[in-house]
Amino acid sequence: MLKRSWSAQPLSYGEFYAFNYNGRRGKMIFGARAGEVQTGSRIKKVESNYAWGELIDQLHGDERYVLLSSTPYSTDGGRLPEMIKLDVNTGVQKGFGYKAPIPSASFILKQDKSPLLAAGTDKQGDTINYFYNREKHDWEALDLVTEFQPIVASKDDRLVWGLARLDSDKLGVYTLEVATGELKSVFVDKQYDVEDVMLSTDKSQVIAARLATPFPEYVILDKTHPDADILRSMAATFPGQQVEVFNKTQDGKLALVWVGSDVTDGSLYLFDIKETKLKYLYTFRDGLSNLKLTYTDPIKFKTSDGIDIEGYFTEAKKMKDKKSNKLVVLVHGGPHFVRDTWNFDPEVHVLAQHGYNVLRVNFRGSGGRGEDFVKLGYRKWGTDIQRDIYEGVQWAIKERGIAKDKVCIMGASFGGYSAVMSPIRYPDAYQCAIANVGVYDLPMMFKEGDVPSWYAGEAFLNEVLGTDEAELIANSPARQVAKLNTPLFLAHGEKDQRAPIEHYEMLTKALNKAGKSYESFIVENEWHGFYDSSVRAKYYTNVLNFLDKHLKN
C-alpha cells in the first residue's frame, strides 16, 4: 500500500513485500518501489516494475518461488498481463513468455504450473476464454455457448471448474471440458446465485459453494475431500453464520477457521482435526462485545408491480427501555450485481446503537438473484429502483411500527444518488436525506470519473444507463432540484475519482440557484468513502446530529 501526500487513504499498486516469520528483514520485492541501486555490481538485484502484480500460485512445497501475474500500469486497464516467477528471497523474477491475449485476464494453471486457460474482458465487457496450445505456442479463443468464469483446473487437466449461467439466469458451478468446450452443470440453485466458490486449503480443488441466500448457506460439492468435512463440521457448530476454512498446517493436523455473523466482525479459531476440538484465538473489533448489538432479520415484500424484493431490518437499540419508531433507510451502492448481506455492517450498528431502526432493500438491479433480476434495474435508477425503496418503507411502516413522519434515507455512491433522488420522487416519504459521495448527474458519468476510462467502461454505462439524453436528465437529481424540499446533508471527498467532486458542485450550484438549503461535509484528502478514522468519527457525529434534529421524538 502506497500513501500519497494528498490522500488520507493508502492505495494499492499491486506491490509485494516479503519478510521473515518473525517480521524482520522485510523488503519490497515487486513493484515500482522495489528497485535497488545496482551500480558497480554484477549481481542481479530487484528490478523496479511499473506493473500491477497478482498472486497466481504459491507453489506449495517450494519455499523460494511464487507465480505472479504482472500487468503494466495503464489508465484504462487495457494492458496485457504476463505470467512471471518471483524469488521471494531476492525479488529476482523470471518471465516465461506467457502473455495473456486479453486484458484483465486471470491464468488457470495445469498441474505442472504451465498455463491452461486465460480468461479476460473485452471492450464490450464480455468474458472471453482462451486455451493455450502448447504445440503452437499460442492462445486460441474458445467458442463457448455462454460466458464462463474459470476458477481452477482438475487434477488431470481435463476439466476446469468455474461459474456460468447456462439454461438459467442464476450463476452456478460448472465444469468446462477443455478439449470439446462442453459445459456441464455441477450445481445451480433455482432462486439464488452462487455467491462464492470455496476451495480446498491448498487451492487445488473446489469443495463447496456459498449461495446468495438471506442467511449464509453452503452446498458441499466434493463430499469426499477432508477439507469439506472441516467446513461441514464448522457450519454445524456455528449454524446460520458465515464460516471459512483459511489454511491447514503442513501435517494436516490443524486448521485455521474464520467465523462471522451480523453482530460480530468475525473471530478466528484453531481447529484440531483429529480431536475435533476448537480453540478460540482472536476476535476482530473485540470491543463490540460490550455494546449488545441488535440482530438483523431478513425481510421480503412484494412490490406494486408484482416483484418479490428482499432486504434486511435491524431493530434499534432500546433507549430507556422504549422501542424506537424511527427509521433510516440505508441504500447500498453499485447498484448492479451488488447487494446488502446479513453479515456485519458497522454503519448499520452505528445507527441502531443510537436509536434508529435500519432498513436495507435489495431492490431490482441488486445481485444474488440472477441476471434477469439485475437487468430489471437497468435504465431504472431514478424510477423503478426508487419505487422499490419507497415500497420497502411502506412495508416497515405497516409491519414494524415505524412512524411515517420519522423516516430518513441515507447512502453512499449509488446510495447517495438515491438519497437525493428518492425525496424528489416521493417528497412526503422522507423527513431528511443524507447523501455521501453520490453521483448526481447521469450525463456527467459519461465524461467525469474513472468509469468512462475503464477498458469496458463505455459499454457498461451504455447498458445500465442508456443513451437517451432526456431520460438521463429526468433521472438526474442535480437537474430536478426544484422538486426537492427535504432537508439535505451532503458529504464528499475532494479526491473522489468514482463520483468526482464535480457531481457535488453541480448539485449544490443548482440548490443555491433554487434557494434550497442544505448542510455539507467536505473533506480535502479523501476519496470514494472516508478512510481516516478521525474523519469518519466527525462524519458520523454530524450524521447523528442531523438525524436527531429532523427525526425528533
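Only the coordinates and a few stated rules stand behind these numbers; no lab work does. The shown structure was predicted, so the numbers you read here are calculated from the model rather than taken from an experiment. Here the Cβ positions follow ideal geometry from the backbone for every residue, glycine too, while neighbour counts run over all protein chains shown.
Annotations
- Mean shadow area of the range 504-553 over all directions, Cα convex hull, nm²: 4.5 nm²
- Label-point gap, in nm, between LYS302 and ASP532 - each point 7 angstrom along Cα→Cβ: 5.2 nm
- For the listed residue pairs LYS317/LYS398; LYS99/LYS248; LYS406/LYS516; LYS184/LYS274; LYS110/LYS184; LYS322/LYS549, the alpha carbons are over 24 angstrom apart in LYS99/LYS248; LYS184/LYS274.
- Spin-label model, LYS279/TYR295: points 7 Å from Cα along the beta carbon direction are separated by 3.2 nm.
- Using only side-chain charges placed at the Cβ, +1 for Lys and Arg and -1 for Asp and Glu, the dipole size of the chain relative to its Cα centre rounds to 1760 debye.
- Full extension of the chain between LYS190 and THR224 yields a length gain of 9.7 nm, computed as 0.36 nm times the residue separation minus the alpha carbon distance.
- Annotation: Cα Rg of the range 441-487 relative to the compact-globule expectation 2.2 N^0.38 Å equals 1.30.
- D by Stokes-Einstein for the range 291-550, Kirkwood Rh over Cα pairs, 10 °C, 1.306 mPa s: 86 µm²/s.
- Using all pairs of distinct alpha-carbon atoms, the Kirkwood hydrodynamic radius of the range 200-289 works out to 13.6 angstrom.
- Note on LYS447: lysines with a C-alpha under 22 Å away, same-chain residues under 8 apart excluded, are LYS123, LYS380, LYS495, LYS509.
- Extreme residue, positive dipole direction of the range 397-450, given options SER413, TYR430, LEU442 (C-beta unit charges): TYR430
- Of all DSSP beta bridges in the range 291-550, antiparallel share, percent nearest 5: 40 percent
- Straight-distance crosslink candidates among aspartates and glutamates, where the alpha carbon sits under 17 Å from LYS155 and sequence neighbours closer than 8 are dropped: ASP57, ASP112, GLU177, ASP202, ASP222, ASP227
- Size of electric dipole in the range 291-550: Cβ of Lys, Arg +1 and of Asp, Glu -1, about Cα centre, debye, nearest 20: 1140 debye
- From most to least packed by mean Cβ count within 10 Å, the peptides 472-482, 519-529 give 472-482, 519-529.
- Value at 222 nm in deg cm²/dmol, rounded to 500, when DSSP H runs of n ≥ 4 in the chain each add -39,500 (n - 2.57): -5500 deg cm²/dmol
- Length released on extending from SER114 to THR467, taking residue separation times 0.36 nm less the Cα-Cα span: 122.7 nm
- Of the options [x] 75, 51, 47; [y] 102, 69, 44; [z] 69, 54, 51, only one is Cα extents along the principal axes in Å as computed from these coordinates, and that is [z].
- Kirkwood hydrodynamic radius over Cα pairs of the range 330-421, then Stokes diffusion coefficient at 10 °C and 1.306 mPa s, in µm²/s: 117 µm²/s
- A simple spin-label model places the labels of ASN20 and THR180 5.5 nm from each other, with each point 7 Å out along Cα-to-Cβ.
- The spacing between the range 168-243 and the range 132-151, judged by their C-alpha centroids, is 24 Å.
- Over the range 68-181, the pair-distance histogram of Cα-Cα distances with 10 Å bins from zero comes to 13, 43, 32, 10, 1 percent, rounded to whole numbers.
- Furthest towards positive pole of dipole, LEU330, TYR218, GLY382, structure part the chain, Cβ charges: LEU330
- The residue among TRP395, GLY355, PHE373 whose Cα reaches farthest toward the positive pole of the charge dipole of the range 291-550, with charges on the beta-carbon of Lys, Arg, Asp and Glu, is GLY355.
- Put the Cα centre of the range 280-311 next to the Cα centre of the range 53-93 and the gap is 38 Å.
- Bridgeable aspartates and glutamates around LYS292 (alpha carbons under 20 Å apart, same-chain partners fewer than 8 residues away excluded): ASP262, ASP265, GLU315, ASP321, ASP345, GLU347.
- Shown is the FRET efficiency for ASN133 and ARG33, computed with R0 = 30 Å from the Cβ-Cβ distance and rounded to the nearest 0.05: 0.20.
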